Amino acid sequence: MSYLNKKLFIGNLAIIIGGLVLSLELMGVQIIQIIEGNQFPWYSYISMFTPVFIAFIITISVIGYGIKLVAKSIREKDNNNK
């Protein structure tokens with residue numbers, strides 16, 4: 001597996017795992033809201049609690065990093081083929 005393929009694989013893996021973790025976090029927030037009986041929308045609930053907010057920021061950063069790796073790998077592959 002070449003260096004570009006490894007970057008592409010890691011980027012795709014980061015996007016997939018980040019998306020799965022983000023969906024689990026959103027479901028977890030909804031479950032916590034049901035247990036606590038809060039009627040706030042999910043985005044206001046996230047902003048009220050710092051640990052939940054930090055977890056969302058980290059997850060979104062991982063997804064963004066994966067997108068950056070994939071885009072960079074594709075760009076480098078196109079430049080090498082010319």
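Using only Cα atoms, tell me the angle between helix 3-36 and the longest principal axis of the chain; keep it within 0 to 90° and round to the nearest 10.
Value to nearest ten degrees: 10.
How big is the charge dipole of the chain about its Cα centre, in debye rounded to the nearest 20, if each Lys and Arg gets +1 on its Cβ and each Asp and Glu gets -1 on its Cβ?
Once rounded to the nearest 20, the dipole reads 600 debye.
Would you kindly calculate the translational diffusion coefficient of the chain, applying Stokes-Einstein with the Kirkwood radius from alpha carbon pairs, for 37 °C and a viscosity of 0.692 mPa s, and quote it in µm² s⁻¹ without decimals?
The diffusion coefficient I find is 227 µm²/s.
Using alpha carbons only, how many degrees (0 to 90, rounded to 10) separate the axis of helix 50-81 from the longest principal axis of the chain?
Helix 50-81 and the main axis of the chain meet at about 20 degrees.
If you only keep lysine pairs separated by 8 or more in sequence, or across chains, how many in the chain come under 13 Å at the Cα atoms?
5
Taking the solvent-accessible surface of protein heavy atoms with a 1.4 Å probe, what is the per residue accessible area of the chain in Å²?
Per residue, the chain has an accessible area of 73 Å².
Specify the residue with the greatest mean-square fluctuation among Ser44, Ser61, Ser23, computed from a Gaussian network of the chain linking alpha-carbon atoms under 10 Å apart.
Ser44
The values are calculated or read from the model by the stated rules, or taken from the named source; none is laboratory data. Since the model is a prediction, treat every value here as computed from it, not as a measurement. Glycine also receives a Cβ, built like all others from the backbone with ideal geometry; neighbour counts cover every protein chain displayed. These area figures cover heavy atoms from the full protein model, side chains too; ligands, DNA and RNA do not enter into them. Shrake-Rupley method; radii C 1.70, N 1.55, O 1.52, S 1.80 Å.
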